[in-house]
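Step one of this worksheet: look at the structure below.
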Amino acid sequence: MNPPHHRKRLLLLLGALLLVSTACTQTPPGPGGKPGHSASPGSGSPGGTGDPGSPSGGPSSPGSDPSSPGGGKPRPVWHPEPGIDWQWQLTGKLDLSVDAPVYDIDGFKHNASTVADLHKRGRKAICYISVGAYEDFRPDARRFPKDVIGEDNGWEGERWLDIRQLDVLRPLMAERFDMCRDKGFDAVEPDNVDGYKNDTGFELTAGHQLAFNRMIAKLAHDRGMSVGLKNDLEQIPQLVGDFDFAVNEQCAEYDECATMTPFIKAGKAVFHVEYELPASRFCATTKRLHLSSMQKRLHLDAWRQAC
């Protein structure tokens, strides 16, 4: 039988061992003191492998920063400078071997792992999204009310949108931009932002287009992404301050490239393509203007001839 003081020491030792054992089996606390857990694939985080065509990566956590994937610290907004090289591919299997620091790819077709791969290769990723036209082949097509869908815009499955209805279109575009942000894209290329110059089936004015385009720019900026102005040449003087770069098609063919000068003077890149002219016909001119130019096929596969 142990003396009383030995029993007391033994009890103290057993108590200390019990405390250590309990501490070792508890789950480490996560942010804010909540129990930590592993992220599941496809949960909407940039590293997930969820449906690449989903227009939303899921709701943000309360208190999370809308400009940061996964609700972490806000990432710095990327500002491409004049003359930077780029690749634009919207069809076919994505060719990651193209030696260009910027890739402009379809935001619906590619998932977070593709964007992460581009980042690992030291490249920036632009999310192509049509904002001014309805596309019947997109996963969110049924969410567009019939009264905002107008005339055919010349591309199969696409029709102009009534951009006057900002309250209807804003939440739809916000979800698409959430998707781009959650996949980790650095920027957005919003297409079809010059409907007021076309036969849309709606009585659109230049004022309607300015309001819509500024709304689109704000949606991107609110999510920590830069945003480009696609074509819409006549409104460049009013919109150059709202957008971070420009995307232009065929300014050399129509002798309009000098119109892009306000972006260059503001230190903002102009990503430019020609479809009909060979590179030898426009590269000398666009280089003098500091445009980021290349020749592409109209269906925008991987092939390119950069200046």
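The values are calculated or read from the model by the stated rules, or taken from the named source; none is laboratory data. This structure is a prediction, so every number in the text was calculated from the model and none was measured. Methodologically, a virtual Cβ is constructed for each residue, glycine included, from the backbone with ideal geometry; neighbour enumeration extends over all protein chains shown. Only protein heavy atoms, including side chains, enter the accessible area calculation; ligands, DNA and RNA are left aside. Shrake-Rupley method; radii C 1.70, N 1.55, O 1.52, S 1.80 Å.
Numbers for the structure displayed
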read-out: Net lengthening on full extension, L298/Q165 (0.36 nm per residue, minus Cα-Cα); value: 44.8 nm
read-out: Surrounding net charge for V193, when Lys and Arg each add one and Asp and Glu each subtract one, Cβ distance under 13 Å; value: -4
read-out: Cβ-defined net charge surrounding H119, 12 Å radius [Lys, Arg +1; Asp, Glu -1]; value: +4
read-out: Carbon plus sulfur fraction of accessible area for segment 76-163, probe 1.4 Å, in percent; value: 47 percent
read-out: Average accessible area per residue (Å²) across segment 191-267 - probe 1.4 Å, nucleic acids and ligands excluded; value: 40 Å²
read-out: Inter-part distance where segment 97-166 and segment 269-291 are each reduced to a Cα centre, Å; value: 24 Å
read-out: Inverse mean reciprocal Cα-Cα distance (Kirkwood Rh) of segment 139-207, Å; value: 13.3 Å
read-out: Chain lengthening between K218 and K265 when straightened (0.36 nm per residue, less Cα-Cα); value: 14.7 nm
read-out: Loop-resident sites, segment 75-163, for trypsin sites (Lys or Arg not before Pro), counting at most 15 other Cβ within 10 Å (DSSP); value: K93, K109, R121
read-out: Accessible-area composition of segment 176-232, carbon plus sulfur, in percent [1.4 Å probe]; value: 46 percent
